[in-house]
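Below: one structure, written as structure tokens.
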Amino acid sequence: GIADNERIGVMGHSFGGYTTISLLSQSNRFQAGVMVAGFGNIFGLYGAMRDDGEAFNVQWWERGPHGFGDSPWKMRDKYLENSPVFNLDKVKTPLLIVHGAKDVSTPPFLADEIFVGLRRLEREVLYAKYENEGHNPAQWGY
């Protein structure tokens, strides 16, 4: 009685964006989803590097609070099973993707591949990529 089951959506930013696409690849419960600065490919995020050479996601996924305890070479199945990009064929829910083109925390190529995959699968997906904007929409000029 709290929510209308026919009007439930899901939205998340950054790791919450990852959680959004993960949920949509496992459930048809939601009527719409919004992924902001998210990702669906842990292999890709693991290997992402900033202009200064920093690859902070290596430590995050190997030893961080949500990490798998080791590298993708030793924990391949964990990285694969937890990368929803490989389950996009199960997504039936319309999705809006929002990303800053200058995001150095979650590089935009990770959102691009979700968009391209869903579009290729003829799913309902929209993509708003904001030029010259970074990771946090609260700091954007728009």
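Things worth noting here:
- For region 21-32, a residue qualifies if it is touching a residue at least 60 places away in the same chain (Cβ under 8 Å) and either touching a strand residue (DSSP E or B) at 6+ places or on another chain (Cβ under 7 Å) or closer than 15 Å to GLU6 by Cβ (or both), and the qualifying residues are ILE21, LEU24, ASN28, PHE30, GLN31, ALA32.
- Screening LEU45 on (1) of a type outside the set (Asp, Glu); (2) farther than 16 Å from HIS135 by Cβ; (3) surrounded by 14 or more Cβ atoms within 10 Å (Cβ to Cβ); (4) in contact (Cβ under 8 Å) with a residue 24 or more places away in the chain shows it passes everything except condition (2).
- Selection of region 48-64 for residues being in contact with a Pro (Cβ under 9 Å, 6 or more places away or on another chain), open to solvent by less than 40 Å² (accessible area, probe 1.4 Å) and part of a loop (DSSP other than H, G, I, E, B) yields only ALA48.
- Any chance GLY117 is buried (at least 20 other Cβ atoms within 10 Å of the Cβ) and either over 18 Å from THR19 (Cα atoms) or of a type outside the set (Phe, Trp, Tyr) (or both): yes
- Qualifying residue in region 65-81 (condition: part of a helix (DSSP H, G or I), of a type outside the set (Gly, Ala, Ser) and in contact with a Leu (Cβ under 8 Å, 6 or more places away or on another chain)): no
- Only one of the listed residues (VAL85, VAL104, VAL98) is over 14 Å from ILE42 (Cα atoms), out of contact with any strand residue (DSSP E or B) (no Cβ under 9 Å at 6 or more places or on another chain) and aliphatic (A, V, I, L, M). That residue is VAL104.
- Flag for LEU88 being open to solvent by 40 Å² or more (accessible area, probe 1.4 Å), part of a helix (DSSP H, G or I) and either within 19 Å of ILE21 (Cα to Cα) or touching a residue at least 40 places away in the same chain (Cβ under 8 Å) (or both): no
- Single residue of LYS129, LYS102 found to be more than 15 Å from the chain's Cα centre (by Cα) and surrounded by fewer than 17 Cβ atoms within 10 Å (Cβ to Cβ): LYS102
- Cβ-Cβ under 7 Å pairs, at least 6 apart or on other chains, region 107-119 side outside any helix (DSSP H, G or I), far side loosely packed, with under 15 Cβ neighbours inside 10 Å: PRO108/ALA101
The values are calculated or read from the model by the stated rules, or taken from the named source; none is laboratory data. Computed from a predicted model, the values in this text were never measured in an experiment. We place every Cβ from the backbone using ideal geometry, glycine too, and count neighbours over all the protein chains shown. Side chains are part of the model used for accessible areas, which takes the heavy atoms of the whole protein and leaves out ligands, DNA and RNA. Shrake-Rupley method; radii C 1.70, N 1.55, O 1.52, S 1.80 Å.
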